[in-house]
Structures are given as C-alpha cells and as structure tokens.
Amino acid sequence: MATLMLKLMLPLLFLFMIPPKPAYGEFEQWCVADEQATQNELQAAMDWACGKGGADCRKIQVKQPCYLPNTLKDHASYAFNSYYQKFKHRGASCNFRGAAMATETDPSHGSCHYDFIP
C-alpha cells in the first residue's frame, strides 16, 4: 500500500516543482497588420500611428533594426504594435479601422524586437 501511494505521489510532487508561468503569460498579445487589409488601409493607418497616434517608428527607418523586410505590411505591423503596447493600458485597441489584428505569436525576427508590455 505504501509503495502504491509513493508511486502516485511522486509524479504529483514533480508537477508542483514546475514554476508557474507569469500571470500575464496567457494574455501576451502583439498587434500586427491584418493580411486582408489593403495597401491603402495599411498606409493610412501607419501614417496615423506614426504621426498623431504617437507610435515610436524610429526602428522602421533606413539602417534601423526593423527596416528590413522593407514592406508596407512589416512596417505597419511594427508601428501598430508600438502604438498598441504604448497605449493599451489607457484603453487603446488593436484595430486601426480593420487594418490590424491581435496575435499571441511574437512577431519579432532577427534583430527586430517587437515590444511586449505586460
């Protein structure tokens, strides 16, 4: 009987030894360009985000870490995420008139890091 209890309790003990994921872990979200958005929608939304919206778009400038790939979709994704992370705790959404969508997959690539603010 004691051996049976030991066999049942040992796996449970190991489960309790695994550290829990941080509380924000299941809610990690980034904001990226929607694949179905038109070029005009992406351009208008990115212009707003980098202008009046207050996103930090310096990293998508020439010779900066997020310039490549040099596509509207990639630059818009970076701008949308910059805005969203900066203002989400003040009620900002990831929509940009339908040009953006939220993702739980980190879009960072190479030397280009997309911020995530818990």
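Hey, how many Å between the Cα centroid of region 60-77 and the Cα centroid of region 79-118? Measuring centre to centre over Cα atoms gives 15 Å.
With a Förster radius of 22 Å applied to the C-beta separation of ASP56 and HIS89, the computed FRET efficiency comes to 0.85. With Cβ to Cβ distances under 14 Å as the rule, what net charge do the other residues near ALA55 carry (K, R +1; D, E -1)? Surrounding charge for ALA55 is +3.
Charge tally for LYS86 (other residues, Cβ to Cβ under 15 Å; Lys, Arg +1; Asp, Glu -1): +3.
In summary, the aspartates and glutamates within cross-link reach of LYS73, defined as a Cα separation below 12 angstrom excluding same-chain residues under 8 places away, comprise ASP34, GLU35, GLU41.
Extension gain, GLN64-GLU104: 0.36 nm per intervening residue step, less the Cα-Cα distance, totals 11.9 nm.
For ALA100, the residues 5 or more places off, or on other chains, whose built amide H falls under 5 Å of its own are ASP34.
Just so you know, all these numbers are worked out from the coordinates, no wet-lab data involved. In this text, all values refer to a predicted model and were calculated from it rather than measured experimentally. Note that we place each Cβ from the backbone using ideal geometry, even for glycine, and neighbour counts take in every protein chain shown.
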